[in-house]
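Down below is the structure, laid out as structure tokens.
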Amino acid sequence: MKTIYKKNTISNLKLVVLISIIIANFSCKKFLMVDPPITLISSKLVFDNDGTANSAMAGIYIRMAQTSAGFVSGSNSITTMTGLSSDELTNYSTTDLEQLEFFNNQVNPANGKLLIIWSECYRYIYSSNSIIEGLAASNGVSEVLKRQITGEALFIRAFCHFQLVNLFGEVPLVLNSDYTVNRSISKSTNEQIYNSIIKDLQEAKELLNNSTIDNQRTRVNKAAVTAFLARVYLYHREWEKSELEATALITNNAYKIETLTSNVFLVQSKEAIWQIPPVVPQYNTFDGFRYILTNTPTNLSLNKKLGESIPANDARSSWVGQLKVGTSIYYYPFKYKVTFLAVGLPPIEYLVALRLAEQYLIRSEARTQLNKISEAQSDLNVIRKRAGLSNTMAANKAELLLAIENERQIEFFAEWGHRWYDLKRNNRANEVLSVSKSNWKATALFFPIPQLEQQQNPNL
């Protein structure tokens, strides 16, 4: 498999760029409701051979890595918008009114940042569908690579549908690239969407293996699918299945909990399951660029209460930066330590999308729900031990569930919407956010479908 990836790297560089542009535009923010663009690369051309098929999939990864204003990282990311909506981030901007709407939990359907998240998710879904269909119709791609890339595309489709259903609630379930159908598609129920996500992940798991490329964890493999399936089963309240998938990762010797918290987000992190590498010259990660404070914040910062809640004896306190300005102290997410790199230097950090620590907390929660109290405690204590803390004092189901929620808040702050999703799926959002957010209303649990989409498709 290693050879398949490498042998066409140079010869297909221009094609990667071309396909990246197409992916960036073909299923743009209006793909659900307009005719396809006139200049459309055909599936026959893209999938004539292994090199072109591999380049098509690489285009998706490149788009994810190079976009600083999409849903993956940066100013309009899921991390930023859900962090503002929950109790993780504090808004300081007086000019970015759309950002303020998220912070005040009063998101207008016409909000441009809202449309970006929606559009980016469906862009990747549409591109994944095109790849799946193109591979199915191709006779020029080897079976080995066809299985691999189909599995990767199924994962990306499931990953994006997962974000959409947790952010917006009922949304269109898009499983093909037929614009005549998708332009007027109706919303599916949450259950239908979750069933489709699980089906995609189960199929992807069968198609992929655990191989990595050059010891990098930047392309989805079976381990990444397994890790995400464990999360999906947890959200879907299928405890036994969630425990089983998490165990498969925990017992996989290729992945280890990093002893030092300073190593978790590095390129060579043994804890990382799926990473997104920076591809823009001189940038490390867009999250580092976005969150690290050097002056009085004019955009956003870490919530002060959260910043102060992580004690100095918790090793994860190193993930919280502090900036003192006069008598004021501001906190910021500091999991990624570098903003810019000197010319010619490679990145030292990759954006982490999936990591092993989550699997321990997933299994701990699943086992708690199954009343396996001592085993759940043991899993929770793995994460606490890495942080330099004593074993949990939680002794029963109710105490453990709350302890796990608190541990997840500290472990995953400013990462991919974990806190926002956790509060909602555990029916804790109203209780928690009504105290910390002055404008909180239960109607803010889900973002509205963007106005432009509603106007173009009455079925939404």
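Assorted remarks:
Quick grid of which residues meet (1) touching a strand residue (DSSP E or B) at 6+ places or on another chain (Cβ under 9 Å); (2) part of a helix (DSSP H, G or I); (3) closer than 28 Å to Phe103 by Cα; (4) in the same structural domain as Met64 (by TED's automatic domain parsing):
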{"position": "Ser262", "(1), (2), (3), (4)": "no, yes, no, no"}
{"position": "Lys270", "(1), (2), (3), (4)": "no, no, no, no"}
{"position": "Trp274", "(1), (2), (3), (4)": "yes, no, no, no"}
{"position": "Leu306", "(1), (2), (3), (4)": "yes, yes, yes, no"}
{"position": "Pro311", "(1), (2), (3), (4)": "no, no, yes, no"}
{"position": "Ser317", "(1), (2), (3), (4)": "no, yes, yes, no"}
{"position": "Lys324", "(1), (2), (3), (4)": "yes, no, yes, no"}
{"position": "Tyr331", "(1), (2), (3), (4)": "yes, no, yes, no"}
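Let's see how each residue does on (1) part of a loop (DSSP other than H, G, I, E, B); (2) within 30 Å of Lys397 (Cα to Cα); (3) free of Cβ contacts under 8 Å to residues at least 40 places away in the same chain:
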| site | (1), (2), (3) |
| --- | --- |
| Ala223 | no, yes, no |
| Tyr255 | yes, yes, no |
| Thr259 | yes, yes, no |
| Asp287 | no, no, no |
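- In segment 289-304, the qualifying residues are those that are assigned to a helix (DSSP H, G or I) and closer than 28 Å to Arg384 by Cβ, and the one that is farthest from the chain's Cα centre (by Cα) is Lys304.
- When segment 45-57 is filtered for residues that are of a type in the set (A, V, I, L, M) and surrounded by fewer than 23 Cβ atoms within 10 Å (Cβ to Cβ), only Leu45 remains.
- Any chance Arg237 is part of a loop (DSSP other than H, G, I, E, B) and either within 20 Å of Gln163 (Cα to Cα) or of a type in the set (Phe, Trp, Tyr) (or both): yes
- Segment 407-460 - residue that is acidic (Asp, Glu) and free of Cβ contacts under 8 Å to residues at least 40 places away in the same chain and, of those, farthest from Leu380 (Cα to Cα): Glu431
- Residue match in segment 167-182 (condition: under 18 Å from Lys199 (Cα atoms) and part of a helix (DSSP H, G or I)): no
- Any chance Ser390 is without any contact (Cβ under 8 Å) to a residue 12 or more places away in the chain, assigned to a helix (DSSP H, G or I) and among the small types (Gly, Ala, Ser): no
- Flag for Ser43 being over 16 Å from Arg219 (Cβ atoms), modelled with pLDDT under 50, in contact with an Asp or Glu (Cβ under 8 Å, 6 or more places away or on another chain) and of a type outside the set (A, V, I, L, M, F, W, C): yes
For every residue, the table says whether it meets (1) closer than 22 Å to Arg231 by Cβ; (2) buried (at least 20 other Cβ atoms within 10 Å of the Cβ).
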{"residue": "Ser374", "(1), (2)": "no, no"}
{"residue": "Asn381", "(1), (2)": "yes, no"}
{"residue": "Lys397", "(1), (2)": "yes, no"}
{"residue": "Leu402", "(1), (2)": "yes, no"}
{"residue": "Glu407", "(1), (2)": "yes, yes"}
{"residue": "Asn427", "(1), (2)": "yes, no"}
{"residue": "Asn430", "(1), (2)": "no, no"}
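- Residues in segment 316-336 that are under 16 Å from Thr79 (Cα atoms) and touching a Gly at 6+ places or on another chain (Cβ under 6 Å) were compared, and the one that is surrounded by the most Cβ atoms within 10 Å (Cβ to Cβ) is Tyr336.
Okay, residues lined up against (1) β-branched (Val, Ile, Thr); (2) in a helix (DSSP H, G or I):
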site	(1), (2)
Asn76	no, no
Gly83	no, yes
Phe102	no, yes
Asn108	no, no
Glu120	no, yes
Ser127	no, yes
Ala136	no, yes
Ile149	yes, yes
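The values are calculated or read from the model by the stated rules, or taken from the named source; none is laboratory data. The model shown is predicted, which means the values in this text are computed figures rather than measured ones. When we count neighbours, we look across all protein chains shown, and the Cβ atoms used for this are built from the backbone with ideal geometry, even at glycine.
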